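No lab work stands behind these numbers, since they all come straight from the coordinates. Note that this is a predicted model, so its numbers are computed, not measured. As a convention, Cβ positions derive from the backbone with ideal geometry for all residues, glycine included, and neighbour counts pool all protein chains shown.
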Amino acid sequence: MNIRRQLTTFWRIILTGAINFIRNMSIAVAAIAIMVVTLTVLLLSLIINTTFSNTISQITNKIDISVYLKDSDTAAQTDSLIKQIKILPNVASVQYLDKAQVLKQYEAQNAGNQQLALAISETSNPLPATIHIKPKNLDEISSIKTFLVQPNIMALQSNPPSYSGSLEQAINNITHATDILKKLGIIAVIIFAVICVLIIFNTLQMAIFNRRDEIGIMRLLGANKAYIRGPFIVESAIYGLLAAVISIVIINSIFVTASSTLQATTLGLLDIGYATTYFDNHFWLFLTFQILIGIIIGAASATIATRRYLKFKLKK
């Protein structure tokens, strides 16, 4: 019987909150609008940072250090060098190609060049055996460079090591852009969240003022604090729910428009194709995330506001 009464009370709180939301729609527009902006900036920042991280990962996989060996190097010297390279802290993988494999790879890469193919067929293989090194972290690639320029290691090489410098610079640019956008996103979310809370405070203050007589009667009749406070929390949670849905619709429209209008997979450093696919694949997760964040912001703001404006103490 007690549980039934509690469920009935809970349902009445939800229903009253929904009615109050409809009644106060005109003064709630500002709160919903700023919450939409907050949630949109938050989710866009998340998607953009993930997209940049994917771009960095893809470029990193294309970067390696090529070590060209002398034809006079013995198998024992080559094996020893490969073992030393593998144990370096920043080495992700090591691939060794002998002269025949290097030539085969070179021919495959230049299959359309008939003159080059003819020239190669008329000469002995001039290409050196090569060790390809993939680093784990480009920021610490200097440790590999330091190892390779040691005199005893250089003595085994026919030419200085080759580095993918242009790709490394591209990653540095993307990493720098990611750091800036991440910081700007955090600052923007904090600013809009604070504004959102303040607007909800003012909205609830007006709602409480408009219903001061009703609240006074409820307290005289013995209504507990949760029953009085509950509808305001539900009302603000609806703000968050509605703002989350609007935010998702806006973001979806942005990606649909960008994909169809730009007719390209990239926009500067941002891979629009990946960002759109990532958003589509995680649509329901993002919708749930937005709804939860929106409800939390709304409910938390309402809880603080009602405690302040209704003069409720923390303890019953």
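Using 26 Å as the Cα-Cα cut-off, could you pick out the over-long pairs in Lys70/Lys134; Lys62/Lys183; Lys134/Lys183? Violating the 26 Å Cα-Cα cut-off are Lys62/Lys183; Lys134/Lys183. Using a simple spin-label model with pseudo-atoms 7 Å out from Cα toward Cβ, Arg23 and Thr74 lie 9.4 nm apart.
The alpha carbons of the stretch 64-163 occupy a box of 42, 28, 18 Å along the principal axes, longest dimension given first.
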